[in-house]
């Protein structure tokens with residue numbers, strides 16, 4: 001059996017999502033404004049950090065490249081996407097509709113400054129891949145020690 005370190009913040013995030021789902025099902029949709037709906041769906045991400053770069057992979061299935069926007073504002077990285085509603089045919093009777101439509105947004109506070117002009121973003125097979133090179137001043141530098 002593997003030991004897992006307890007993270008109280010993860011439990012609070014799970015609780016917050018659960019409460020959000022409960023109120024999303026109970027309250028009529030007209031009670032939400034567009035800003036709240038934008039945060040209704042959080043797309044999953046992987047965030048990795050190496051010595052030289054931060055790498056973020058975001059799952060955005062069903063999106064088109066032109067519907068994805070990435071912004072770097074100060075120490076904040078913002079990923080916005082929009083899934084446009086498909087034309088609904090008359091006479092179609094949905095029994096269940098779970099594919100979310102509309103605008104989605106996630107923001108990340110970066111722990112280190114990055115070179116904004118060297119950020120690379122690619123989108124392939126529903127995954128947005130971002131490479132954010134760290135600024136020179138935050139990279140570790142080896143200092144040669146000489147004997148005297």
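The values are calculated or read from the model by the stated rules, or taken from the named source; none is laboratory data. On a predicted model such as this, the values are computed, not experimentally measured, just so you know. Glycine also receives a Cβ, built like all others from the backbone with ideal geometry; neighbour counts cover every protein chain displayed.
So here's what we get for this one:
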{"quantity": "Strands (runs of 3 or more DSSP E) lying entirely in the stretch 62-148 (those with 1 or more residues that are within 30 Å of residue 21 (Cα to Cα) and at pLDDT below 85)", "calculated": "76-83, 102-109"}
{"quantity": "Members of the stretch 44-60 found to be loosely packed, with under 14 Cβ neighbours inside 10 Å, touching a residue at least 60 places away in the same chain (Cβ under 8 Å) and not in a strand (DSSP E or B), listed by number", "calculated": "51, 52"}
